[in-house]
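Scroll down for the structure; my scribbles are underneath it.
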Amino acid sequence: MNFAIFDPFELELEVIELDEKIPSFRANVRLTIKQFENLIRYEGATWFEWRVWNEFESNLRGNGIQGGVLMDINENFTFAMKPLPTGASVDLRIKKVSVGSNLSTTLAVSAMVNHDIAASLTSSFIEFGTFTL
C-alpha cells in the first residue's frame, strides 16, 4: 500500500509492515521540498497506529478541509491541516533524536494552500482508506 501527495510538497508513505498486536503499520517516509533553487529531502521509517490514521481520515471525511492532525506512535511525525478562509494551512514536522547521543534533528514545513489543493489533499487521504483487523 502506498500513499502520495505532490502539492504543496512531495510526501510518500510506503506501508512495509503490519502489526496486529498493536494495530499499527510501519511506513517508509519520503519527503521532498522544492523551493526556489533549494531542495530538501528526507527518508526514514515510522509507525502509525491504525486508530490514529482512521480518526484522521474520518475527520477529513466528515469535515472536508476542516482538517485534522495525524501523528505517528512516537509523535515524531506530525501532519496537520487547518482551515483558512482561502483554503487551508498544511504543516508537516518530522523530528528524530539519536539514541545514545544528544543529537536532535527537526524538519518543519508550512504551506498555505487554496481550496482546490486542500480538497485534493483530503481526497488523497480518504482514497488511501482505513485499516481494520
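Counting only strands (runs of 3 or more DSSP E) that sit wholly inside region 32-133, those with at least 1 residues that are over 12 Å from the mean Cα position of the chain (by Cα) are 38-49, 77-84, 87-97, 104-114.
Okay, residues lined up against (1) more than 18 Å from residue 6 (Cβ to Cβ); (2) at pLDDT below 90; (3) out of contact with any helix residue (DSSP H, G or I) (no Cβ under 9 Å at 6 or more places or on another chain); (4) of a type outside the set (Lys, Arg):
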site	(1), (2), (3), (4)
17	yes, no, yes, yes
32	no, no, yes, yes
76	yes, no, yes, yes
86	yes, no, no, yes
92	no, no, yes, yes
97	yes, yes, yes, yes
108	yes, no, yes, yes
111	no, no, no, yes
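When residue 67 is tested against (1) out of contact with any strand residue (DSSP E or B) (no Cβ under 6 Å at 6 or more places or on another chain); (2) at pLDDT below 90, exactly one condition is not met: (1). When region 1-19 is filtered for residues that are among the acidic types (Asp, Glu) and crowded, with 16+ Cβ neighbours inside 10 Å, only 12 remains.
With respect to the stated conditions, residue 12 fails to be modelled with pLDDT of 95 or more, in a strand (DSSP E or B) and closer than 22 Å to residue 104 by Cβ. Among the residues of region 20-60, those that are surrounded by fewer than 15 Cβ atoms within 10 Å (Cβ to Cβ), touching a Ser or Thr at 6+ places or on another chain (Cβ under 9 Å) and more than 19 Å from residue 122 (Cα to Cα) comprise 39, 40, 41. Mind listing just one residue for me: the one in region 64-105 that is small (Gly, Ala, Ser) and under 18 Å from residue 121 (Cα atoms) and, of those, surrounded by the fewest Cβ atoms within 10 Å (Cβ to Cβ)? Per the criteria, the residue is 64.
The values are calculated or read from the model by the stated rules, or taken from the named source; none is laboratory data. Computed from a prediction, not measured in an experiment: that's the story for all the values here. Here Cβ is always computed from backbone atoms with ideal geometry, including for glycine, and neighbour counts include all displayed protein chains.
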